Amino acid sequence: MNRLLHIALLTLVLATCLASCGDDSCYDNGSSLPLASIYLDGSQQQVSGLTIMGIGAPGDSLLADSSTLNEIYLPLRASVGSTSFAFTRWLSASIAVHDTLTFTYDAVPFFHSTECGAMYNFNIKRVDHTHHGIDSIVMLTTTITNANTPSLRIYLTNFEL
């Protein structure tokens, strides 16, 4: 009888521990990264020939290499107050337009949960860009969290070749 009670108690403890260990409250995007949607002719579209890389980032900062994209995550550095990206849109094998996109922000430490842990959220103060191939930028939110939703729209200029 005593052995049966120990087995039942152990089963109850294990079931309680397993039920409390879940990641339902943690989004797929474990870090706070702005998700940029790419727009052309007023609608979100797959745009080919995009090369995107971080400027001044340590290590390999290539995010896309002549890729076809309709959205991309743009990682921000928590150790500095701004991050810049070089956007190149290849219109043909020999013709490209080059732009720079710069985020200015405050990095705010944030403890999400036991499952997700700690991360930084980013309060965007300003977004600047050149206007060679990027027509405009629309910020959908000024607080970047780990929510898996677009934070900004990048509207590209439609070039006729």
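The values are calculated or read from the model by the stated rules, or taken from the named source; none is laboratory data. These numbers come from a predicted model, not from an experiment. Neighbour counts run over all protein chains shown; Cβ positions are idealised from the backbone, glycine included.
Residue count for region 117-156 satisfying the condition of being modelled with pLDDT under 95 and either of a type in the set (Lys, Arg) or touching a Gly at 6+ places or on another chain (Cβ under 7 Å) (or both): 1. Scan region 46-57 residue by residue and report those that are surrounded by 14 or more Cβ atoms within 10 Å (Cβ to Cβ) and either under 14 Å from Pro34 (Cα atoms) or touching a strand residue (DSSP E or B) at 6+ places or on another chain (Cβ under 7 Å) (or both). The answer is Val47, Gly49, Leu50, Thr51, Ile52, Met53, Gly54.
Yes/no matrix, rows are residues, columns are (1) surrounded by 15 or more Cβ atoms within 10 Å (Cβ to Cβ); (2) not polar (S, T, N, Q):
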position: Gly59; (1), (2): no, yes
position: Leu69; (1), (2): yes, yes
position: Tyr73; (1), (2): no, yes
position: Ser79; (1), (2): no, no
position: Ala86; (1), (2): yes, yes
position: Ile124; (1), (2): yes, yes
position: Ser136; (1), (2): no, no
position: Ile144; (1), (2): yes, yes
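Scanning region 88-106 for residues that are within 16 Å of the chain's Cα centre (by Cα) and either within 18 Å of Tyr155 (Cβ to Cβ) or modelled with pLDDT under 95 (or both) turns up Leu101, Thr102, Phe103.
Of everything listed in (1) within 20 Å of Ser84 (Cβ to Cβ); (2) assigned to a strand (DSSP E or B), the single unmet condition for Ala118 is (1).
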